[in-house]
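Throughout, read-outs are computed from the coordinates displayed, never taken from laboratory work. Since we're looking at a predicted model, the values are computed, not measured. All Cβ positions, even for glycine, are placed from backbone atoms using ideal geometry, and neighbour counts span all protein chains on display.
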Amino acid sequence: MLLMINLSLVLETLNQILYAAVAITAIALLMYTTGFNFKDRIVQTFALILVCVVMIYTGETVAAVSNKPEYIQLWLQFKWIGLVMLPAVYLHFSDALLTVSGRPSRGRRKTLVWITYVITGTAAILIFFGVTIGGLTPEKAPMFYLERNQLTFFFGIFYIIVMAMVSYNLVRAMIRTATKTGLRRMIYLLAGAAAIAFSSIIFLFHGNTWFSIHPHWFWFLSILASLITTFFIIVMTYTVSFFGLLWTDRQIKSRLFRWLLRGPFTAAIVLGLTTVARRYGELQGDSYIYYVPIVMVGGTLLLQYAINLFSPYIEKSFFWGDDRQELDTIQSLQDRMLTNRDLHQFLETTAALISDRLPVSGGFIALLEGDKVTRSVSTGDQKAIENYLIDEKFIKEAQENLVDQDGLIEWQGLFLVPLEYAFEDGTSRLLGLGGFVKNDNWIVKEEDRESILQLAERAGLAIKDHAIQKQVIESLSALQTEVDYLQNIRAASSFNVDTLKNIEQPELPEGMASWVKDALTHYWGGPKLTNNPLMQLRVVEEESENQDGNRTNALRSVLTEAIEMVKPSGERKFTSEWLLYNILELKFLQGKKVREVARKLAVSEADLYRKQKIAIESVAQKIAVMEASANGNGNHSSPPEEKDK
């Protein structure tokens, strides 16, 4: 008998911990789900399911540790609100899922959902009047519960009928799924919905005579129900995360995994350890002994330490699969990228080290693009540096003195240090120029000269790497629209193939459209064309081979080709169909004034500006497609008209 009592006590304590764990997990998943994409209907209805789960398990958890009967009854009524509302919420969720799969309601399903909400809402209100469920029982059997009445019996039948309709809707949605991946996720939802619905039935058997005689079996089933509920709400959250988001399977698993570890997992483990410590203290006659807070704080810190240590390896092992090496390289780029700030700090440090080696009162490092200075970094005495105007003329004169000379030279009271990068074919390119104000009567030692040249070589390498990284980033920015578009197709087609024809390409990043506008503004020459970020695109680089290495002409050629791709087929007309092309051709290629273009096209100036924005975005879209083709195939695509021919 003593063994049975102890077993029941252990199972009761474990059950209370798991009830709290389910509530914590449901709250965390509710925050996770609504935090990323609450606009999607599937997410909204699933959030209602989580709210019901939170109410059920929070009410049961708080009631189990309360001492006053009125508080116990209040929290059990709170639990029953979640339990009563669960059928309507599930029916709403199944209707939303069936709609997404391509079977929208013609009015009957929606009406049935609202009728179910009215019935369950009324039953929830009547809980506080003792109609839906009775009052608190005087004794545990094996735990406190609210007395069942005749209406509770009818609610049980209603619960089963509605859940049968939910299952029917979910099976229909599963059958209509377009892909194997979508089918697998629908099975997850069906299994999760069924598991949570059936595990909630255990609460309808509180006060059962057989369970009161065999309490350990009740606790065992309650523990099993809690574990099943926890597992399947996580599975359902994982599946629901695919609706309305463009994330890949790997991203969703990783984000959910990290959130679960740092949130509910840590909270549940710490709560369990604290509860065990407090129960042990109660056996010792003091429920709040000193090591309860020690267990709480120590458990939290140790768990966070373990998560930081092991979670990256777990993610790579379980979520990255065959792409592990590729993804590992991509992820490491964040730590290896040389940003503008990093380059500035590196060059500033290099300038300071060279100044110490010479030594000099001050100096600068100028980054060059041709003869133009794109940025400069200075160190030491700023007044001494201000005596030199570092402009295009200064650079040209300095470069003339660098011809046929290696390394460190003296010129106009400066030590000049060329920052060059030598290519594999033996050629070199001047990427920057260091200038350091010379002190009188100072002779540079050979070992100092070698150190300075080594520092200059490293600076040139850093400038070259930063330029390449900048080009890669700008190319990725141009491709982002295409990637988002493809991800949108992937996400939508998983559950309903008919949605593919309704998916339109999203708008370009505003940076791309702005670059195109600047380039078109100075189409026939100017800094907005020659210094345009579009110069770094692969398609421009390839076109420059046809323009004798002239990137300005190459960009102008790419812009012209993109404009031609906007051009409708057939003979040119001044109709609405030709409006975008005519704006581009008249305004930018011919260079006509806005008023003249508006008069020729018979539109107002305000309307012309609106149409011009659309035309520029169309050109940007075409260039993005050309860039994607160049990166994938090695050459950009021809205009559609030329292909048809």
> For E400 and I614, what does the FRET efficiency come to when R0 = 45 Å and r is the distance between their Cβ atoms, rounded to the nearest 0.05?
Replying inline: 0.35
>> At 7 Å along Cα-to-Cβ for each site, give me the label-to-label distance between Q469 and Q284 in nm.
In response: 5.5 nm
>> Report the gain in length on full extension from E70 to D356: 0.36 nm times residue separation, minus Cα-Cα distance, nm rounded to one decimal.
In response: 95.0 nm
>> Give me the one-decimal nm value for the distance between modelled label points at K528 and V235, 7 Å along each residue's Cα-to-Cβ direction.
In response: 5.8 nm
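I need the calculated FRET efficiency for the pair Y291 and R255, taking r as the beta carbon distance and R₀ as 45 Å, to the nearest 0.05. Mind dumping the intermediate values first?
Working: r = 35 Å, r/R0 = 0.79.
Efficiency computed from Cβ-Cβ geometry: 0.80.
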> Which of the pairs K372/K587; K464/K528; K567/K611; K517/K593 have their Cα atoms more than 20 Å apart in this structure?
Replying inline: K372/K587; K464/K528
>> Given a Förster distance of 60 Å, report the FRET efficiency between R108 and D391 from their Cβ-Cβ distance, rounded to the nearest 0.05.
In response: 0.20
> W411 to F198: extension gain in nm, 0.36 nm per residue of separation minus the Cα-Cα distance?
Replying inline: 68.0 nm
> Packing-wise, with mean Cβ within 10 Å as the measure, how do 223-232, 105-114 rank, highest first?
Replying inline: 223-232, 105-114
>> Amide H of W411 versus every other amide H placed in the peptide plane: which residues, excluding those fewer than 5 positions away on the same chain, fall under 5 Å?
In response: L416
> Among 301-310, 31-40, what's the highest-first ranking by average C-beta atoms within 10 angstrom per residue?
Replying inline: 31-40, 301-310
>> Is the C-alpha gyration tensor of the stretch 2-246 telling us rounded, prolate or oblate? Criteria: a/c under 1.5 is rounded; beyond that, a/b larger than b/c is prolate, otherwise oblate.
In response: prolate
> Any idea how far apart V10 and Q454 come out in nm if each label point goes 7 Å out from Cα toward Cβ?
Replying inline: 6.8 nm
>> From the phi angles alone, apply the Karplus equation (6.51, -1.76, 1.60; θ = phi - 60°) to the stretch 182-194 and give each ³J(HN,Hα) in whole Hz, x where the residue is Gly or Pro.
In response: x, 5, 4, 5, 5, 5, 4, 5, 5, 5, x, 4, 5
> Extension gain K39-E545, at 0.36 nm per residue separation less the Cα-Cα distance, in nm?
Replying inline: 177.3 nm
